[in-house]
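Asker: Dropping a structure here in structure tokens format, bear with me for questions.
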Amino acid sequence: MKKIGVGIIGGGLMGREMASAFARWCSLTDVEVAPELVAVADLVEDVRNWFQRIPSCAQITGDYHALLANPAVEVVYVAVPHHLHESIYCDVLAAGKDLFAEKPFGIDLASATRIAEAARTSGRFVRCSSEFPFLPGAQRVMQAASSGRLGRILEVVSGFHHSSDLDATKAANWKRKSASCGEIGVLGDLGMHACHIPLRLGWRPARLFAQLQKGYPQRPDGKGGTAECDTWDNALLHSWTSIGGHDVPLRLEMKRLAPGETNTWFIDILGTDGGVRYSTKEPKTLWLFENGKEQFWKKTDLGFGMPFKTVTGGIFEPGFPDIIQQMWAAFLMEREGLLNGRFGCATVEEAVATQEIFAAALESHRDGVVRSLGAEV
């Protein structure tokens, strides 16, 4: 099996998750490439020290430029605060490395556009992180939406909710400050999760009206004082998209203040002849609507129906580590030209399209009006 040297810039929560996915790569049975973590860069010594447990990780550094100079690194995954995306992503590309970027692909639309141009001129392989569409339920939703059996689509709702910001005692971090998270706030934090499948299906908002909401204006700073928090915590984007020549309501929801939601990704698609509904709140359950003389919803339990086959039995349910691994399999196999029709990671074009949606949302909320976007993706 061909090995690909991977470097990680930003070894925090997601950096460790990616490294863990590599460590159990042997569970995949139909891939022809394997990632090998060879280097990690992080400014925090305690974060770096965690990677000492990985024998293949020969370079552990506080300077990401040293990682980029390492010839053993072929692909770089970057998970850093949003205001650092553009400079580091462009440095990765300039160093001749392929890039697996964390969302939202820059701090704003202008930044995303510059990153996209750097990707184009460099000729490197670039994709953006988005793992939830690799769940079996999400895959079945896309199959149903593409099959035509739902009839004329009447409504689409896609979103991501969690409740972490309901805790007023939670210390402020970079995601609560526009300077580091961006003015888009929760849109950048969770927006790719809500947008990925609609964009992949070609359902880009043509016009939208946004309702944005802020949470606590101050939080503990972790040092005995308080810190100002100025990012948007909740966002409802009411939009219209074109599906089959018809205008269809598409609602995108992103919330960090969602009571009772630990970490819930969901999508509903309703049509004249049928419907499909999936939520990670019921991770094994797919809901299907059937129309007729009697109308009813039915549900089915899903097993381990992932895009890339594994040793895991088909009756078992997948978890977050599994979809992270599936996402990496998609990235590496597409990089090799071996995706073969399976679901792929979020593209540069899709990442920029999300930023166009977010920019329109900021303008809509600011002016209290419906904003138009460009042509469909």
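Asker: Per residue of the chain, what 222 nm ellipticity follows from adding -39500 (n - 2.57) for every DSSP H run with n ≥ 4, rounded to the nearest 500?
Answerer: My calculation for the chain gives -9000 deg cm²/dmol from helical runs alone.
Asker: Report Rg (one decimal) and Dmax (nearest whole number) for the stretch 125-234, counting Cα atoms only, units Å.
Answerer: 17.6, 58
Asker: Averaging over every viewing direction, what projected area does the convex hull of the Cα atoms of the stretch 205-290 cover, in nm²?
Answerer: 8.1 nm²
Asker: Also, I was wondering about something else. Can you list the HN-Hα couplings for the stretch 295-301, worked out from phi with the Karplus curve (6.51, -1.76, 1.60; θ = phi - 60°), rounded to whole Hz and with x for Gly and Pro?
Answerer: 9, 7, 9, 10, 10, 9, 7
Asker: Can you give the longest run of the chain that contains no GluC sites (Glu not before Pro) sitting in a DSSP loop with at most 15 other Cβ atoms inside 10 Å?
Answerer: 33-293
Asker: If you don't mind, there's one more thing I want to ask. Would you please give the residues with an amide H less than 5 Å from that of residue 285, counting only those at least 5 places away or on a separate chain, with H modeled from the backbone geometry?
Answerer: For residue 285, whose amide H was placed from the backbone, the distant partners under 5 Å are 302.
Asker: Give 175/309; 170/214; 255/281; 175/223; 170/255; 103/299 a once-over and call out the pairs whose C-alpha atoms are over 26 Å from each other.
Answerer: 175/309; 103/299
Asker: Only bridges with both residues in the stretch 94-236 count here: give the DSSP antiparallel percent, nearest 5.
Answerer: 70 percent
Asker: Using the Kirkwood radius built from alpha carbon pairs, what does the Stokes-Einstein equation give as D for the stretch 174-329 at 4 °C and 1.567 mPa s, in µm² per second?
Answerer: In µm²/s, the coefficient is 70.
Asker: Okay, next question. Using a 1.4 angstrom probe with every protein chain in place, what is the largest-first accessible-area order of 243, 4?
Answerer: Accessible-area ranking of 243, 4, largest first: 243, 4.
Asker: With no solvent and one equal point scatterer per Cα, compute the Debye intensity ratio I(q)/I(0) for the stretch 149-208 at 0.23, 0.27 Å⁻¹ and report its log10, rounded to two decimals.
Answerer: -1.05, -1.23
Asker: List the pair-distance distribution P(r) of the chain, using every Cα-Cα distance, as the percent of pairs falling in each 20 Å bin from 0 up to the bin containing the longest distance, rounded to whole percents.
Answerer: Per 20 Å bin, starting at 0, the Cα pair percentages come out as 28, 60, 13, 0.
Asker: Reachable lysines from residue 97, Cα under 18 Å, same-chain residues fewer than 8 places away excluded?
Answerer: Partners within reach: 2, 3.
Asker: How large is ³J(HN,Hα), in whole Hz, for each residue of the stretch 16-23 in order, when computed from phi with the Karplus curve 6.51 cos²θ - 1.76 cosθ + 1.60 and θ = phi - 60°, using x for Gly and Pro?
Answerer: These are the phi-based 3J(HN,Hα) values: 5, 4, 5, 4, 5, 5, 5, 5 Hz.
Asker: Going from most exposed to least, what order do 91, 233 have by accessible area with a 1.4 Å probe?
Answerer: Of 91, 233, the descending order of accessible area is 91, 233.
Asker: Provide the percentage of antiparallel DSSP beta bridges, counting only those with both residues in the chain; round to the nearest 5.
Answerer: Given both bridge residues lie in the chain, the antiparallel proportion sits at roughly 65 percent.
Asker: Projected area of the stretch 1-159, taken from the Cα convex hull and averaged over every viewing direction, in nm²?
Answerer: Computed as one quarter of the Cα hull surface, the answer is 11.7 nm².
Asker: Sort 280, 262 from largest to smallest accessible area, using a 1.4 Å probe on the heavy atoms of the protein chains.
Answerer: Reading off the accessible areas and sorting them downward yields 262, 280.
Asker: Using θ = phi - 60° and the Karplus curve 6.51 cos²θ - 1.76 cosθ + 1.60, what whole-Hz ³J(HN,Hα) does each residue of the stretch 350-358 get, with Gly and Pro shown as x?
Answerer: 5, 5, 5, 4, 4, 5, 5, 5, 5
Asker: If amide hydrogens are placed 1.01 Å from N in the peptide plane, which non-local residues have theirs closer than 5 Å to the one on residue 76?
Answerer: It is 7, 98, 99, 100, by chain and number.
The values are calculated or read from the model by the stated rules, or taken from the named source; none is laboratory data. Values in this document were obtained by computation on a predicted structure and should not be read as measured data. Because the Cβ atoms are built from the backbone with ideal geometry, glycine has one as well, and the counts that use them run over all protein chains shown. These accessible areas exclude ligands, DNA and RNA; they are computed on the full protein's heavy atoms, side chains included. Shrake-Rupley method; radii C 1.70, N 1.55, O 1.52, S 1.80 Å.
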